[in-house]
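Presented below is the structure to which this report refers.
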Amino acid sequence: MESWGVFFLGVIAVTAVVQAGFLVGLVVFGLRLARRLDALQTRLDREISPALDNFNRVSRAAAEIADLATLQARRLDVALADTIERVEETTAAIQQFVVRPLKPIGGMVAFLKGLQRGMEVYFKFDRSTPPRRRVPGEDDEHLFI
């Protein structure tokens, strides 16, 4: 039985040596991987940092342009509102000082035009022919709806 104990003890020793070999290999592989990751990080920092700086500069410039555009839009809005207000004031003043005093004259002009048209019709009326009586049903097509 003692030989079995020595045999199993030898197996345990061999597996411990194999485990130690795997651990040493794992450490060596881990160190190589860490060095490669450091090199990759250094290269990325060297290549991407300028691009990020340019992107930051562009984004700041775009923000400034947006602020300036907003400011100009506000100024334009104020100028348009002022212009519209002045046009409305001018329209009201013209209506108050020009149109209102001319309203009675407009009524007189309309009356005179009506009188003129009445006189034209009266003078075109031929007195030599007797007045014609209208026969119902004759020439009523223009009355049809």
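Assorted remarks:
- Computed over protein heavy atoms with a 1.4 Å probe, the accessible surface of segment 1-59 works out to 93 Å² per residue.
- The label-point distance for Leu115 and Val58, in a model that sets each label 7 Å from Cα toward Cβ, rounds to 8.1 nm.
- FRET efficiency estimate (nearest 0.05) - Cβ-Cβ, Leu102 to Lys124, R0 41 angstrom: 0.80
- Hypothetical label at Leu33: residues of segment 7-27 whose amide nitrogen lies under 11 Å (7 Å Cα-Cβ projection): 26-27
- Length added when fully stretched, Leu40-Ala79, from 0.36 nm per residue minus Cα-Cα: 8.3 nm
The values are calculated or read from the model by the stated rules, or taken from the named source; none is laboratory data. None of these values were measured; they are calculated from a predicted model. Glycine also receives a Cβ, built like all others from the backbone with ideal geometry; neighbour counts cover every protein chain displayed. All accessible areas refer to the heavy atoms of the entire protein, side chains included, with ligands and DNA or RNA removed. Shrake-Rupley method; radii C 1.70, N 1.55, O 1.52, S 1.80 Å.
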